[in-house]
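For reference, the structure is listed below as structure tokens.
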Amino acid sequence: MNIKETYAVITSDFVEAAHAFRLGQEAEGSQRLREGLDLLEPLLSSHPRAQVIFQLIPNMLAAQERHDWLGLADYLEHELSALLSQT
């Protein structure tokens, strides 16, 4: 699998997590989020927008801690996914 395909899989995990969070399926969303983050972590240092992605993570974690599932879903589906597509 090349890097573009890998980022597509990661983005898919994040979008599926966002959909689960919007449907009130926090456990499923959290599992998908973890899977995506586990795949992303080893690749992040070489991503051209890594610094911006690193800046999003505290906001995403804060939304998760507040149980702001819609806010977290927006970060995952719109902001993070858009950044990952910029490879």
* Structure fact -> Per the list (1) of a type in the set (A, V, I, L, M); (2) assigned to a helix (DSSP H, G or I); (3) free of Cβ contacts under 8 Å to residues at least 24 places away in the same chain; (4) farther than 12 Å from residue 83 by Cβ, residue check on residue 57 breaks on (4)
* What do you reckon, is residue 81 polar (S, T, N, Q), open to solvent by less than 20 Å² (accessible area, probe 1.4 Å) and at pLDDT below 95? -> yes
* To do: Filter region 40-52 for residues that are of a type outside the set (S, T, N, Q) and farther than 24 Å from residue 68 by Cβ and give the result.
  => 42, 43, 47, 48, 50
* Asked: Name the pairs whose Cβ atoms lie under 7 Å apart, with the first residue in region 11-36 and within 14 Å of residue 70 (Cα to Cα), the second hydroxyl-bearing (Ser, Thr, Tyr) and surrounded by 15 or more Cβ atoms within 10 Å (Cβ to Cβ), and 6 or more positions between them or separate chains?
  -> 14/81; 15/81
* Asked: Which residue pairs have Cβ atoms closer than 8 Å, lie 6 or more positions apart in sequence or on different chains, and pair a first residue in region 61-87 that is in contact (Cβ under 8 Å) with a residue 40 or more places away in the chain and more than 21 Å from residue 50 (Cα to Cα) with a second residue that is of a type in the set (A, V, I, L, M) and open to solvent by 50 Å² or more (accessible area, probe 1.4 Å)?
  -> none
* Exactly one condition in (1) surrounded by 18 or more Cβ atoms within 10 Å (Cβ to Cβ); (2) part of a helix (DSSP H, G or I); (3) modelled with pLDDT under 95 is not met by residue 6; state its number. => (1)
* Subset of region 37-54 that is in contact (Cβ under 8 Å) with a residue 12 or more places away in the chain and part of a helix (DSSP H, G or I) - its residue that is surrounded by the fewest Cβ atoms within 10 Å (Cβ to Cβ) -> 52
* Structure fact -> A careful count of residues in region 60-71 that are out of contact with any Lys or Arg (no Cβ under 9 Å at 6 or more places or on another chain) and part of a helix (DSSP H, G or I) gives 7
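The values are calculated or read from the model by the stated rules, or taken from the named source; none is laboratory data. Because the structure is a prediction, the values reported are computed rather than measured. Virtual Cβ from ideal backbone geometry, glycine too; neighbours counted across all protein chains shown. Surface accessibility is based on the protein's heavy atoms, side chains included, excluding ligands, DNA and RNA. Shrake-Rupley method; radii C 1.70, N 1.55, O 1.52, S 1.80 Å.
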